[in-house]
Amino acid sequence: MSYFVTGATGFIGKFFIEKLLQREGDIYLLARKASAHKLEALQQRFPSAGKRLIPVYGDLAEPCMGISDQDMKTLTTKVDHFFHIAAIYDLNASEESQQIANVDGTRNAVQGAEAMQAGCFHHVSSIAVAGKFIGTFREDMFEEAGDMPHAYFQTKHLSEALVRKECSIPWRVYRPASVVGHSQTGEIDKIDGPYYSFKVLQKIRKALPPWFPLIGIDAGCFNVVPVDYVVDAMDHIAHKGGLDGECFHLTNPDHYSSGELMNIIADAGHAPRFTLRLDTRIFSFVPAGMVSMLGKMAPVKRLLSAFFESFGMPEAAAVFFSWNTRFDNRDTERALRGSGIEVPKLASYADKLWDYWERNLDPDLFIDRSLRGNIEGKVVVVTGAGSGIGLASAIRLGEAGAQLVIAGRTMETLEKAKLEIEAVGGKVAAYSCDFTDMDACDQFIDQVEADLGPVDILVNNAGRSIRRAVEDSYDRFHDFERTMQLNYFGALRLALRVLPSMSERKCGQIINISSMGVVGPPARFSAYIASKSALEGWSHCAEAEFCDRNIAFTNINMPLVRTPMIGPTKAYDYAPTLSPEEAADLVVEAVIHRPSRITTGMGKMFQILNLLAPKLAATVMNIPFRMFSEGKSGAGEPSSEQVALASLMKGVHY
């Protein structure tokens, strides 16, 4: 017995070839010459196949599949079963490409099968041919299909119609449901269908403990089957007599709502479950016309687009949440009776699907997480880079291949820093600038752009800290003025100077070295925290304006760091702090991941505390304020209570 297969190198195709190899006979595989490497990969996958896998070069987009006259003569009367599996299933594919592959390709496959006088034409269709049919769609139904909301639905319906109306040789049609990975290995070749929810659940799992109850939506009617069931059923039915001219739903008797499906996958991925699921029918009182009108509004479209993009889902995936068709498969069950072939429960193999996805297909696996991959060749400006956090960060960035610009007040200090950066292979230019002088800030950026080109990343690190209680500042208004001048106005002036070029190029990042005190305001630092809060407030507003231009704003809520800035405060001699190198790790994280905020665990705790109980948060900060009030510099040997409190409040200013 001999076979001819289109789409043999695709997902379903390669598993189906494995089934056919368990039978006797040659297997002819249609392939374009440009895709010969895919056939080689298939032959390597099945080394025991030997010469049974025979390539036939052609193109489904051409009449009779573009097979040469000589090859067609060789194939004539030799093919017992012709399996047409090739199709485009990609929600992002253009309507034209799906028309060519799914409709024209099927027409050409039928012509080719007729020309070679194949014994039976087996067409792999899809449950999408039903469209948005309301109710249960049976295997003997076709013309009754509902609305076709997407090109994939339309082209699969048209392709099956071609087989039904134009195929002159015996035919059989198979309509698989949403096909997922192998139930034993989890293997699949790309992300689509239910897999779009995997990333959503993974993000939730990272943010919340598994026991945390979630509120979700129950929408749609999802039907999922593993690829091994599909190929087993096709192979069995194709070789069973008396079934020509029939259609078979390779579907699951169990249909899942989105909430049920998500919970099964959540259990497999150890993510929180959707304990409360809202049925979308509760919103049925909203007029359909109003919903349609809202959906067409530009702001709503953009919000939906951003939502789907954040989870790596194509916007077209939304169609599945309003697809409520159920599928009857009694003819398939009758044909499979006695074979032992049945659909396994999704919960029994969901863990294998998750494991394979997380190890092989998680989009995060393909993102360059190296510092060099994100920074090499880019112009990066680091202010206050002569020592401390700035120098440690500059060394890391320069070592990774950035075109580094370091700047500060003292050229002598910068020259020493420049030598350290060059010692690790960094390319660096040093500029002296007083960032409290607004004209000097403008001239500095203008000179950098003239010398090296537009700035890709600005790290606002230069800063001044003043540790003084409010009651000791009644006659020191100048403390607030000079702190604001450097920490806010200087950093802001630089940002305003680099933003025009970033906006024009639609790329860039501004990183602000802020303070943990912004999320957990400590006593004695009102001038310092006010300046850092002002910069963060500006950044949040700017981020809302520039996020659609690929410009990132990152505020790093830095805890106490052992730098010259905190040297005069003797109370910090025994306080747990980060080293400058550890602080530089946070800058590296900002460059690679481009988040809006980076803070430590203690910082996150203070965020929550200030949100839930701001008065309690103030009391917590008042304790170290009073405990360390014996001297403005905190001189003298610390008490055991002071040491214990400093250790408990790691990284907190006091």
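Observations on the model:
- Modelled FRET efficiency - R0 60 Å, residue 506 with residue 342, Cβ distances, 0.05 increments: 0.70
- Note on the chain: helix-only mean residue ellipticity at 222 nm, from DSSP H runs of 4+ residues weighted -39500 (n - 2.57) and normalised by residue number, equals -13000 deg cm²/dmol.
- Residues within the reach of a label modelled at residue 41 (point 7 angstrom out along Cα to beta-carbon, backbone nitrogen below 14 Å), restricted to region 171-207, are 188-191.
- The chain: angle of helix 491-505 to the longest principal axis, Cα-based, in degrees nearest 10: 20 degrees
- Theoretical FRET efficiency, 1/(1+(r/R0)^6), r = Cβ-Cβ of residue 80 and residue 208, R0 41 Å, to 0.05: 0.15
- Principal-axis tilt of helix 411-423 within the chain, Cα atoms, nearest 10 degrees: 40 degrees
- Histogram of C-alpha separations across region 1-176, 5 Å bin width, %: 1, 8, 18, 21, 20, 15, 9, 5, 2, 0
- Average Cα contact separation per residue, the chain, under 8 Å, 6 or more apart, as relative contact order %: 9 percent
- Per-peptide packing, taken as the mean over residues of other Cβ atoms within 10 Å, places 78-87, 209-218, 489-498, 187-196 in the sequence 78-87, 489-498, 187-196, 209-218 from highest down.
- Applying 1/(1 + (r/R0)^6) with r as the Cβ-Cβ distance of residue 548 and residue 239 and R0 = 60 angstrom yields a FRET efficiency of 0.60.
- Cβ-based net charge around residue 608, under 15 Å, with every Lys or Arg adding one and every Asp or Glu removing one: +3
- Model label zone, residue 97; criterion: amide N under 15 Å from point 7 Å along Cα-to-beta-carbon; scope region 139-171: 151-152
- Cβ-placed point charges (K, R +1; D, E -1), dipole of region 1-176 about Cα centre in debye, nearest 20: 580 debye
- Rg/Rh for the chain stands at 1.10; both radii use Cα atoms, and Rh follows the Kirkwood definition.
- 0 to 90° range, to nearest 10: angle between helix 298-310 axis and the chain longest Cα axis: 90 degrees
- Ranked by the mean number of other Cβ atoms within 10 Å of their residues, highest first, the peptides 236-249, 319-332 fall in the order 319-332, 236-249.
- When you count the other C-beta atoms within 10 angstrom of each residue and take the mean per peptide, 134-141, 519-526 line up highest first as 519-526, 134-141.
- Region 166-222 and region 458-534 have Cα centres separated by 48 Å.
- Dipole magnitude of the chain about its Cα centre (Cβ charges: Lys, Arg +1; Asp, Glu -1), debye to nearest 20: 940 debye
The numbers here are math on the coordinates, done by the rules we state, and not lab data. None of these values were measured; they are calculated from a predicted model. FYI the Cβ positions are ideal-geometry reconstructions off the backbone, even for glycines, and counts take in every protein chain you see.
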